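Here the structure comes first, spelled out in structure tokens, and everything after it is commentary.
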């Protein structure tokens, strides 16, 4: 009798995952909208600086600079602490790599079949996963080793990092058990991974994840307000 083969699609049909993904994205979008409504007063107050209206080229230049410097490079964190920057930078780019791999897998592998180890989709996901786990592990380790950091950390910080770590760990375990064709334990780990990732995404607008959107937005508004103030001073 042939051994059972890992088949995620038979365990949990991909269309159900797709539906769940649409629901989660809708919840995240609504949550972010509520956040921006809550922040609107702060943004408007900053933009009430006297001065001429900014040109489209100025706004575009400021926005691109903000994306490259404050989002992609994360300069504000680097200016505060290189250790914190390493954590944030690797978690951010690891998450981006995982998101790219997940999107490519959904498009190129609709049957959700196990991919070869050197498949480009899997390589991107593994590199992203390693970066992500490095950042999360460094962040957790810093809180364990440093009493001052631990003292300034809340229970919510530990829970958030713990869920991030478990989400990454179950992702790698799913891949490892799939390669070994350990069917039923793999299904359990895969299900756990989906639940953890869903929890992270649904709560993203209300957890520290929202800083990835809120902080760059605030820095952009401050930059535009300064551009407006400088233009008024030069008149």
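Observations
- Restricting 194, 173, 177, 200 to residues that are surrounded by 15 or more Cβ atoms within 10 Å (Cβ to Cβ), more than 27 Å from residue 157 (Cβ to Cβ) and either within 20 Å of the chain's Cα centre (by Cα) or modelled with pLDDT of 90 or more (or both) narrows the list to 177.
- Within segment 48-65, the residues that satisfy the criterion of being within 21 Å of residue 214 (Cβ to Cβ) and either modelled with pLDDT of 90 or more or out of contact with any helix residue (DSSP H, G or I) (no Cβ under 6 Å at 6 or more places or on another chain) (or both) are 48, 59, 63, 64, 65.
- Any hit, segment 36-46, residues being without any contact (Cβ under 8 Å) to a residue 40 or more places away in the chain, under 27 Å from residue 166 (Cβ atoms) and loosely packed, with under 14 Cβ neighbours inside 10 Å: no
- Among the residues of segment 35-47, those identified as in contact with a helix residue (DSSP H, G or I) (Cβ under 7 Å, 6 or more places away or on another chain) and within 18 Å of residue 212 (Cβ to Cβ) are 35, 39, 43.
- Flag if residue 84 is in contact with a helix residue (DSSP H, G or I) (Cβ under 7 Å, 6 or more places away or on another chain), modelled with pLDDT of 90 or more and either over 30 Å from residue 183 (Cβ atoms) or surrounded by 13 or more Cβ atoms within 10 Å (Cβ to Cβ) (or both): yes
Here is a yes/no grid of residues against (1) more than 29 Å from residue 34 (Cβ to Cβ); (2) free of Cβ contacts under 8 Å to residues at least 60 places away in the same chain; (3) assigned to a loop (DSSP other than H, G, I, E, B):
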{"site": "135", "(1), (2), (3)": "no, yes, no"}
{"site": "138", "(1), (2), (3)": "yes, yes, no"}
{"site": "163", "(1), (2), (3)": "no, yes, no"}
{"site": "169", "(1), (2), (3)": "yes, yes, no"}
{"site": "214", "(1), (2), (3)": "no, no, no"}
{"site": "223", "(1), (2), (3)": "no, no, no"}
{"site": "228", "(1), (2), (3)": "no, no, no"}
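Yes or no, residue by residue, for (1) touching a residue at least 24 places away in the same chain (Cβ under 8 Å); (2) farther than 30 Å from residue 142 by Cβ; (3) surrounded by fewer than 15 Cβ atoms within 10 Å (Cβ to Cβ):
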site	(1), (2), (3)
105	no, yes, no
111	yes, yes, yes
114	yes, yes, no
117	yes, yes, yes
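The values are calculated or read from the model by the stated rules, or taken from the named source; none is laboratory data. All values reported here derive from a predicted model rather than from experimental measurement. Backbone-built Cβ (ideal geometry, glycine too); neighbour counts: all protein chains shown.
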